[in-house]
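K.L.:
A single structure is presented below for examination.
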Amino acid sequence: MAEYIKMFVSFFKIGMFTFGGGLAMFPMFRKELVEKHKYITEDELIDYYSIGQCTPGIIAVNVATFTGYKVRKTIGAIVATMALVLPSLIIIMAIAGILSEITDNEIIENAFNGIRIGVTVLLLNEVISLAKKNIKNKFQIIILILAGIMIFGLHVSSVLAVFIAGLIGGAKFIRQKK
Amino acid sequence: MIYWLLFYEFFKIGLFAIGGGPVTIPFLFDLSEKYSWFSKEQLVDMIAVSQSTPGPIGINMATYAGFQTAGVSGGIIATLGLVLPSLIIVILISKILRKYVNTPCWCEVMMAIRPVVLMLMLYACVGLFELSVTNLYRVCFAVVFFILVYFYKKSPIFYIILSGILGVLLKI
(Lines give C-alpha, C1' and ligand atoms only; values in the text may rest on other atoms or scores of the structure.)
Protein backbone atom coordinates (compact mmCIF):
# COMPACT_ATOMS: atom_id res chain seq x y z
CA MET A 1 0.00 0.00 0.00
CA ALA A 2 2.79 2.42 0.95
CA GLU A 3 4.35 1.71 -2.43
CA TYR A 4 1.11 2.70 -4.20
CA ILE A 5 0.86 5.92 -2.20
CA LYS A 6 4.47 6.80 -2.97
CA MET A 7 3.86 6.19 -6.65
CA PHE A 8 0.61 8.14 -6.60
CA VAL A 9 2.31 11.16 -5.02
CA SER A 10 5.13 10.98 -7.54
CA PHE A 11 2.85 10.98 -10.61
CA PHE A 12 0.51 13.54 -9.08
CA LYS A 13 3.51 15.85 -8.70
CA ILE A 14 4.48 15.33 -12.32
CA GLY A 15 0.96 16.16 -13.49
CA MET A 16 0.83 19.16 -11.19
CA PHE A 17 4.12 20.84 -11.96
CA THR A 18 4.92 20.23 -15.63
CA PHE A 19 3.85 22.64 -18.31
CA GLY A 20 3.76 22.04 -22.03
CA GLY A 21 2.91 18.33 -22.16
CA GLY A 22 4.66 15.61 -24.15
CA LEU A 23 8.35 16.25 -24.69
CA ALA A 24 8.44 19.15 -22.24
CA MET A 25 7.57 16.66 -19.47
CA PHE A 26 10.65 14.50 -20.13
CA PRO A 27 13.00 16.20 -17.62
CA MET A 28 10.42 15.91 -14.84
CA PHE A 29 9.79 12.24 -15.64
CA ARG A 30 13.53 11.64 -15.52
CA LYS A 31 13.97 13.44 -12.24
CA GLU A 32 11.07 11.71 -10.47
CA LEU A 33 11.07 8.23 -12.00
CA VAL A 34 14.71 7.61 -12.88
CA GLU A 35 16.77 9.64 -10.41
CA LYS A 36 14.58 9.91 -7.32
CA HIS A 37 12.56 6.69 -7.14
CA LYS A 38 14.56 4.51 -9.57
CA TYR A 39 11.35 2.96 -10.91
CA ILE A 40 12.87 2.78 -14.38
CA THR A 41 16.21 3.43 -16.09
CA GLU A 42 16.81 6.34 -18.45
CA ASP A 43 16.95 3.94 -21.41
CA GLU A 44 13.55 2.56 -20.47
CA LEU A 45 12.15 6.09 -20.30
CA ILE A 46 13.46 6.88 -23.79
CA ASP A 47 12.04 3.57 -24.97
CA TYR A 48 8.58 4.39 -23.52
CA TYR A 49 8.65 7.75 -25.26
CA SER A 50 9.44 6.21 -28.63
CA ILE A 51 6.72 3.58 -28.25
CA GLY A 52 4.36 6.28 -26.96
CA GLN A 53 4.83 8.22 -30.16
CA CYS A 54 3.59 5.35 -32.30
CA THR A 55 0.78 4.05 -30.11
CA PRO A 56 -2.60 5.74 -29.69
CA GLY A 57 -3.22 8.30 -26.98
CA ILE A 58 -1.42 10.92 -24.97
CA ILE A 59 2.34 10.28 -24.74
CA ALA A 60 2.71 11.31 -21.08
CA VAL A 61 -0.16 8.98 -20.15
CA ASN A 62 1.53 6.13 -22.00
CA VAL A 63 4.77 6.75 -20.09
CA ALA A 64 2.87 6.72 -16.79
CA THR A 65 1.06 3.50 -17.67
CA PHE A 66 4.28 1.75 -18.75
CA THR A 67 6.08 2.78 -15.56
CA GLY A 68 3.17 1.90 -13.29
CA TYR A 69 2.90 -1.52 -14.92
CA LYS A 70 6.59 -2.17 -14.51
CA VAL A 71 6.51 -1.35 -10.80
CA ARG A 72 3.20 -2.92 -9.74
CA LYS A 73 1.54 -4.62 -12.76
CA THR A 74 -2.01 -3.70 -13.80
CA ILE A 75 -3.04 -1.97 -10.55
CA GLY A 76 0.19 0.01 -10.63
CA ALA A 77 -0.54 1.10 -14.19
CA ILE A 78 -4.00 2.31 -13.20
CA VAL A 79 -2.74 4.14 -10.08
CA ALA A 80 0.06 5.91 -11.99
CA THR A 81 -2.23 6.96 -14.82
CA MET A 82 -4.99 8.27 -12.56
CA ALA A 83 -2.47 10.18 -10.43
CA LEU A 84 -1.01 11.85 -13.53
CA VAL A 85 -4.43 12.88 -14.79
CA LEU A 86 -5.94 14.10 -11.50
CA PRO A 87 -4.22 17.53 -11.28
CA SER A 88 -5.43 18.38 -14.81
CA LEU A 89 -8.98 17.47 -13.85
CA ILE A 90 -8.94 19.73 -10.82
CA ILE A 91 -7.09 22.69 -12.33
CA ILE A 92 -8.89 22.75 -15.67
CA MET A 93 -12.37 22.49 -14.18
CA ALA A 94 -11.60 25.30 -11.74
CA ILE A 95 -10.37 27.55 -14.54
CA ALA A 96 -13.21 26.60 -16.88
CA GLY A 97 -15.70 27.41 -14.12
CA ILE A 98 -14.17 30.84 -13.52
CA LEU A 99 -13.85 31.68 -17.21
CA SER A 100 -17.47 30.86 -17.92
CA GLU A 101 -18.46 33.37 -15.22
CA ILE A 102 -16.64 36.23 -16.91
CA THR A 103 -18.59 37.62 -19.81
CA ASP A 104 -18.99 41.08 -21.32
CA ASN A 105 -15.62 42.29 -20.21
CA GLU A 106 -13.85 44.25 -22.93
CA ILE A 107 -10.33 43.61 -21.65
CA ILE A 108 -10.86 39.84 -21.36
CA GLU A 109 -12.52 39.87 -24.79
CA ASN A 110 -9.51 41.64 -26.37
CA ALA A 111 -7.08 39.36 -24.58
CA PHE A 112 -8.85 36.29 -25.92
CA ASN A 113 -9.02 37.73 -29.44
CA GLY A 114 -5.24 38.05 -29.28
CA ILE A 115 -4.83 34.61 -27.69
CA ARG A 116 -6.96 32.95 -30.39
CA ILE A 117 -4.65 34.30 -33.06
CA GLY A 118 -1.65 33.26 -30.94
CA VAL A 119 -2.97 29.71 -30.62
CA THR A 120 -3.62 29.49 -34.37
CA VAL A 121 -0.11 30.67 -35.17
CA LEU A 122 1.40 28.21 -32.66
CA LEU A 123 -0.55 25.37 -34.26
CA LEU A 124 0.67 26.38 -37.73
CA ASN A 125 4.22 26.41 -36.41
CA GLU A 126 3.68 22.92 -35.00
CA VAL A 127 2.33 21.68 -38.35
CA ILE A 128 5.44 23.01 -40.11
CA SER A 129 7.84 21.35 -37.67
CA LEU A 130 5.86 18.08 -37.91
CA ALA A 131 6.11 18.24 -41.71
CA LYS A 132 9.87 18.70 -41.55
CA LYS A 133 10.24 15.79 -39.16
CA ASN A 134 7.77 13.30 -40.60
CA ILE A 135 7.65 13.55 -44.37
CA LYS A 136 10.62 11.54 -45.51
CA ASN A 137 9.87 9.67 -48.75
CA LYS A 138 7.76 9.52 -51.92
CA PHE A 139 5.22 7.15 -50.39
CA GLN A 140 4.52 9.65 -47.62
CA ILE A 141 4.13 12.49 -50.12
CA ILE A 142 1.55 10.42 -52.01
CA ILE A 143 -0.31 9.72 -48.76
CA LEU A 144 -0.12 13.42 -47.91
CA ILE A 145 -1.79 14.34 -51.22
CA LEU A 146 -4.40 11.60 -50.76
CA ALA A 147 -5.05 12.86 -47.23
CA GLY A 148 -5.45 16.40 -48.57
CA ILE A 149 -8.13 15.22 -51.01
CA MET A 150 -9.90 13.15 -48.33
CA ILE A 151 -9.85 15.83 -45.65
CA PHE A 152 -10.15 19.13 -47.52
CA GLY A 153 -12.14 17.82 -50.52
CA LEU A 154 -14.36 15.07 -49.17
CA HIS A 155 -14.51 16.20 -45.51
CA VAL A 156 -13.79 12.69 -44.27
CA SER A 157 -13.81 12.46 -40.46
CA SER A 158 -10.49 12.34 -38.59
CA VAL A 159 -11.14 8.80 -37.32
CA LEU A 160 -11.86 7.46 -40.81
CA ALA A 161 -8.85 9.24 -42.34
CA VAL A 162 -6.45 7.69 -39.78
CA PHE A 163 -8.09 4.28 -40.22
CA ILE A 164 -7.75 4.36 -44.03
CA ALA A 165 -4.10 5.40 -43.79
CA GLY A 166 -3.41 2.52 -41.39
CA LEU A 167 -4.98 0.09 -43.88
CA ILE A 168 -2.88 1.49 -46.74
CA GLY A 169 0.28 1.08 -44.65
CA GLY A 170 -0.67 -2.50 -43.79
CA ALA A 171 -1.49 -3.32 -47.42
CA LYS A 172 1.85 -1.88 -48.58
CA PHE A 173 3.68 -4.11 -46.09
CA ILE A 174 1.83 -7.25 -47.23
CA ARG A 175 2.55 -6.47 -50.90
CA GLN A 176 6.25 -5.89 -50.24
CA LYS A 177 6.50 -9.18 -48.42
CA LYS A 178 5.17 -11.16 -51.40
CA MET B 1 -27.53 9.66 -22.78
CA ILE B 2 -24.96 12.44 -22.89
CA TYR B 3 -22.43 10.69 -20.62
CA TRP B 4 -22.31 7.55 -22.74
CA LEU B 5 -21.96 9.60 -25.90
CA LEU B 6 -19.16 11.68 -24.34
CA PHE B 7 -17.38 8.54 -23.21
CA TYR B 8 -17.77 6.88 -26.63
CA GLU B 9 -16.53 9.92 -28.55
CA PHE B 10 -13.49 10.46 -26.32
CA PHE B 11 -12.69 6.76 -26.31
CA LYS B 12 -12.57 6.99 -30.10
CA ILE B 13 -10.23 9.97 -29.89
CA GLY B 14 -7.98 8.08 -27.48
CA LEU B 15 -7.87 5.21 -29.95
CA PHE B 16 -7.22 7.15 -33.15
CA ALA B 17 -5.21 10.21 -32.07
CA ILE B 18 -1.73 8.80 -32.62
CA GLY B 19 1.24 11.03 -31.82
CA GLY B 20 0.22 12.74 -28.61
CA GLY B 21 -1.80 15.65 -27.22
CA PRO B 22 -2.01 18.24 -30.02
CA VAL B 23 -3.14 15.49 -32.42
CA THR B 24 -6.47 15.46 -30.56
CA ILE B 25 -7.21 19.00 -31.85
CA PRO B 26 -8.63 17.93 -35.26
CA PHE B 27 -10.77 15.31 -33.51
CA LEU B 28 -12.18 17.93 -31.13
CA PHE B 29 -12.79 20.08 -34.19
CA ASP B 30 -14.89 17.24 -35.62
CA LEU B 31 -16.87 17.08 -32.35
CA SER B 32 -17.65 20.80 -32.45
CA GLU B 33 -19.13 20.30 -35.92
CA LYS B 34 -20.98 17.08 -35.14
CA TYR B 35 -22.58 18.11 -31.83
CA SER B 36 -23.56 21.38 -30.22
CA TRP B 37 -21.40 20.59 -27.18
CA PHE B 38 -19.05 23.53 -27.66
CA SER B 39 -18.41 26.11 -30.34
CA LYS B 40 -15.20 26.47 -32.32
CA GLU B 41 -14.48 29.73 -30.44
CA GLN B 42 -14.70 27.81 -27.18
CA LEU B 43 -12.43 25.14 -28.62
CA VAL B 44 -9.72 27.72 -29.34
CA ASP B 45 -10.01 29.04 -25.77
CA MET B 46 -9.72 25.45 -24.52
CA ILE B 47 -6.53 24.95 -26.49
CA ALA B 48 -5.10 28.18 -25.08
CA VAL B 49 -5.94 27.30 -21.47
CA SER B 50 -4.71 23.70 -21.92
CA GLN B 51 -1.35 24.84 -23.21
CA SER B 52 -0.80 27.30 -20.39
CA THR B 53 -1.81 25.10 -17.45
CA PRO B 54 0.13 22.17 -15.97
CA GLY B 55 -0.37 18.59 -17.12
CA PRO B 56 -0.56 16.81 -20.47
CA ILE B 57 -2.23 19.04 -23.10
CA GLY B 58 -4.46 16.27 -24.47
CA ILE B 59 -5.81 15.51 -20.99
CA ASN B 60 -6.41 19.18 -20.26
CA MET B 61 -8.39 19.61 -23.47
CA ALA B 62 -10.49 16.50 -22.85
CA THR B 63 -11.30 17.66 -19.30
CA TYR B 64 -12.22 21.13 -20.54
CA ALA B 65 -14.34 19.86 -23.43
CA GLY B 66 -16.14 17.36 -21.19
CA PHE B 67 -16.74 20.02 -18.52
CA GLN B 68 -18.06 22.46 -21.11
CA THR B 69 -20.44 19.77 -22.37
CA ALA B 70 -21.78 18.24 -19.16
CA GLY B 71 -20.22 19.82 -16.06
CA VAL B 72 -17.91 18.12 -13.56
CA SER B 73 -19.08 14.57 -14.37
CA GLY B 74 -18.65 15.37 -18.06
CA GLY B 75 -15.04 16.44 -17.46
CA ILE B 76 -14.25 13.26 -15.56
CA ILE B 77 -15.97 10.98 -18.10
CA ALA B 78 -14.35 12.57 -21.15
CA THR B 79 -10.91 12.27 -19.52
CA LEU B 80 -11.46 8.63 -18.57
CA GLY B 81 -12.69 7.92 -22.10
CA LEU B 82 -9.55 9.44 -23.59
CA VAL B 83 -7.21 7.62 -21.22
CA LEU B 84 -8.78 4.15 -21.31
CA PRO B 85 -7.59 3.04 -24.79
CA SER B 86 -3.97 3.96 -23.95
CA LEU B 87 -4.25 2.25 -20.60
CA ILE B 88 -5.48 -0.98 -22.20
CA ILE B 89 -3.07 -0.85 -25.13
CA VAL B 90 -0.01 -0.05 -23.03
CA ILE B 91 -0.80 -2.80 -20.50
CA LEU B 92 -1.23 -5.25 -23.40
CA ILE B 93 2.08 -4.10 -24.91
CA SER B 94 3.80 -4.55 -21.56
CA LYS B 95 2.29 -8.01 -21.14
CA ILE B 96 2.46 -9.63 -24.56
CA LEU B 97 2.62 -7.34 -27.52
CA ARG B 98 6.11 -6.02 -26.89
CA LYS B 99 7.54 -7.98 -29.80
CA TYR B 100 5.02 -6.54 -32.28
CA VAL B 101 5.83 -2.88 -31.70
CA ASN B 102 8.60 -1.49 -33.92
CA THR B 103 8.28 -4.42 -36.35
CA PRO B 104 8.44 -3.65 -40.12
CA CYS B 105 4.67 -3.98 -40.47
CA TRP B 106 3.96 -1.56 -37.62
CA CYS B 107 6.50 0.88 -39.03
CA GLU B 108 4.76 0.86 -42.42
CA VAL B 109 1.42 1.55 -40.75
CA MET B 110 2.96 4.46 -38.82
CA MET B 111 4.64 5.81 -41.97
CA ALA B 112 1.24 5.97 -43.61
CA ILE B 113 -0.55 7.48 -40.61
CA ARG B 114 1.86 10.36 -39.96
CA PRO B 115 1.12 12.32 -43.17
CA VAL B 116 -2.61 11.99 -42.47
CA VAL B 117 -2.17 13.32 -38.94
CA LEU B 118 -0.23 16.22 -40.44
CA MET B 119 -3.01 17.01 -42.90
CA LEU B 120 -5.64 16.77 -40.15
CA MET B 121 -3.70 19.29 -38.07
CA LEU B 122 -3.41 21.59 -41.09
CA TYR B 123 -7.15 21.32 -41.63
CA ALA B 124 -7.83 22.26 -38.01
CA CYS B 125 -5.35 25.11 -38.37
CA VAL B 126 -7.17 26.50 -41.43
CA GLY B 127 -10.42 26.28 -39.49
CA LEU B 128 -8.91 28.23 -36.60
CA PHE B 129 -7.62 30.87 -39.01
CA GLU B 130 -11.07 31.45 -40.50
CA LEU B 131 -12.34 31.84 -36.97
CA SER B 132 -9.74 34.08 -35.37
CA VAL B 133 -8.21 36.10 -38.21
CA THR B 134 -11.31 37.90 -39.40
CA ASN B 135 -10.06 41.29 -40.60
CA LEU B 136 -6.99 42.92 -42.14
CA TYR B 137 -5.73 44.25 -38.80
CA ARG B 138 -5.77 40.73 -37.40
CA VAL B 139 -4.08 39.34 -40.53
CA CYS B 140 -1.17 41.75 -39.97
CA PHE B 141 -1.01 40.77 -36.31
CA ALA B 142 -0.99 37.06 -37.23
CA VAL B 143 1.83 37.52 -39.77
CA VAL B 144 4.04 39.46 -37.36
CA PHE B 145 3.30 36.99 -34.58
CA PHE B 146 4.13 34.05 -36.84
CA ILE B 147 7.53 35.54 -37.69
CA LEU B 148 8.17 35.92 -33.98
CA VAL B 149 7.13 32.33 -33.18
CA TYR B 150 9.05 30.88 -36.11
CA PHE B 151 12.36 32.58 -35.44
CA TYR B 152 12.45 32.87 -31.66
CA LYS B 153 11.91 29.48 -30.05
CA LYS B 154 10.17 30.22 -26.76
CA SER B 155 7.68 28.05 -24.88
CA PRO B 156 4.03 28.04 -26.02
CA ILE B 157 2.96 29.47 -22.63
CA PHE B 158 5.19 32.49 -23.20
CA TYR B 159 3.58 33.14 -26.58
CA ILE B 160 0.03 32.59 -25.34
CA ILE B 161 0.51 35.11 -22.53
CA LEU B 162 2.22 37.51 -24.96
CA SER B 163 -0.63 37.24 -27.46
CA GLY B 164 -3.12 37.97 -24.68
CA ILE B 165 -1.21 41.06 -23.53
CA LEU B 166 -0.82 42.30 -27.11
CA GLY B 167 -4.51 41.62 -27.70
CA VAL B 168 -5.39 44.01 -24.88
CA LEU B 169 -2.77 46.67 -25.77
CA LEU B 170 -3.51 46.69 -29.50
CA LYS B 171 -7.27 46.19 -29.03
CA ILE B 172 -7.29 43.23 -31.43
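The values are calculated or read from the model by the stated rules, or taken from the named source; none is laboratory data. Since the model is a prediction, treat every value here as computed from it, not as a measurement. When we count neighbours, we look across all protein chains shown, and the Cβ atoms used for this are built from the backbone with ideal geometry, even at glycine. When the accessible area is computed, the model is the full protein with side chains, heavy atoms only, and any ligands, DNA or RNA have been set aside. Shrake-Rupley method; radii C 1.70, N 1.55, O 1.52, S 1.80 Å.
K.L.:
List the helices (runs of 4 or more DSSP H) that sit entirely inside region A:40-159 and contain at least 3 residues that are among the acidic types (Asp, Glu).
P.N.:
By residue number, A:42-53, A:106-134.
K.L.:
Kindly indicate whether any position in region B:19-35 is among the small types (Gly, Ala, Ser), part of a helix (DSSP H, G or I) and within 20 Å of A:Leu160 (Cβ to Cβ).
P.N.:
Yes, the conditions are met somewhere in region B:19-35.
K.L.:
Condition first: within 13 Å of another protein chain (Cβ to nearest Cβ), modelled with pLDDT under 90 and on the phi < 0 side of the Ramachandran plot. Can you find one or more residues in region A:2-11 that meet it?
P.N.:
To start, the set of residues in region A:2-11 that are within 13 Å of another protein chain (Cβ to nearest Cβ) comprises A:11.
Restricting the remaining residues to those that are modelled with pLDDT under 90 gives none.
Within region A:2-11 (the criterion being within 13 Å of another protein chain (Cβ to nearest Cβ), modelled with pLDDT under 90 and on the phi < 0 side of the Ramachandran plot), the answer is no, since none of the residues qualifies.
K.L.:
Enumerate the pairs (first residue in region A:95-113 and facing chain B (nearest Cβ under 8 Å); second residue anywhere and part of a helix (DSSP H, G or I) and of a type in the set (Phe, Trp, Tyr)) with beta-carbon separation below 6 Å, excluding pairs fewer than 6 apart on the same chain, so at least 6 apart or on different chains.
P.N.:
What qualifies is A:Ala96/B:Tyr64; A:Ala96/B:Phe67.
K.L.:
Taking only pairs six or more apart or across chains, which ones have beta-carbon atoms under 7 Å, a first residue in region A:117-138 that is without any contact (Cβ under 8 Å) to a residue 12 or more places away in the chain and not assigned by TED's automatic domain parsing to the domain that holds A:Gly21, and a second residue that is of a type in the set (Ser, Thr, Tyr) and open to solvent by 30 Å² or more (accessible area, probe 1.4 Å)?
P.N.:
A:Asn125/B:Tyr150
K.L.:
The conditions are (1) within 23 Å of B:Phe27 (Cα to Cα); (2) crowded, with 17+ Cβ neighbours inside 10 Å, and B:Val126 fails exactly one of them. Which is it?
P.N.:
(2)
K.L.:
Take the residues of region B:50-90 that are of a type in the set (S, T, N, Q) and not in a helix (DSSP H, G or I): which is modelled with the lowest pLDDT?
P.N.:
We begin by selecting, within region B:50-90, every residue of a type in the set (S, T, N, Q); these are B:50-53, B:60, B:63, B:68-69, B:73, B:79, B:86.
Keeping just the survivors that are not in a helix (DSSP H, G or I) gives B:52-53.
Values: B:Ser52: 86, B:Thr53: 89.
So, considering only residues that are of a type in the set (S, T, N, Q) and not in a helix (DSSP H, G or I), the one modelled with the lowest pLDDT is B:Ser52.
K.L.:
Which residue out of B:Pro22, B:Pro54, B:Pro85 is open to solvent by less than 50 Å² (accessible area, probe 1.4 Å), touching a residue at least 12 places away in the same chain (Cβ under 8 Å) and either within 30 Å of A:Lys73 (Cβ to Cβ) or touching a Ser or Thr at 6+ places or on another chain (Cβ under 9 Å) (or both)?
P.N.:
Answer to the check: B:Pro85.
K.L.:
Something else about it: Name the pairs: first residue in region A:38-52 and charged (D, E, K, R), second residue open to solvent by 50 Å² or more (accessible area, probe 1.4 Å), Cβ to Cβ under 8 Å, at least 6 apart or on different chains?
P.N.:
A:Glu42/A:Arg30; A:Glu44/A:Lys70
K.L.:
I've got another one for you. Hey, can you tell me all the residues within region B:57-82 that are open to solvent by 10 Å² or more (accessible area, probe 1.4 Å) and either over 28 Å from A:Leu122 (Cα atoms) or β-branched (Val, Ile, Thr) (or both)?
P.N.:
Of everything in region B:57-82, those that are open to solvent by 10 Å² or more (accessible area, probe 1.4 Å) and either over 28 Å from A:Leu122 (Cα atoms) or β-branched (Val, Ile, Thr) (or both) turn out to be B:Ile57, B:Thr69, B:Ala70, B:Gly71, B:Val72, B:Ser73, B:Ile76, B:Ile77.
K.L.:
Still on this structure, please answer the following. Between a first residue in region B:110-126 that is free of Cβ contacts under 8 Å to residues at least 60 places away in the same chain and a second residue that is small (Gly, Ala, Ser) and open to solvent by 50 Å² or more (accessible area, probe 1.4 Å), which pairs have beta carbons less than 8 Å apart while being 6 or more apart in sequence or on different chains?
P.N.:
Note: no pairs meet the criteria.
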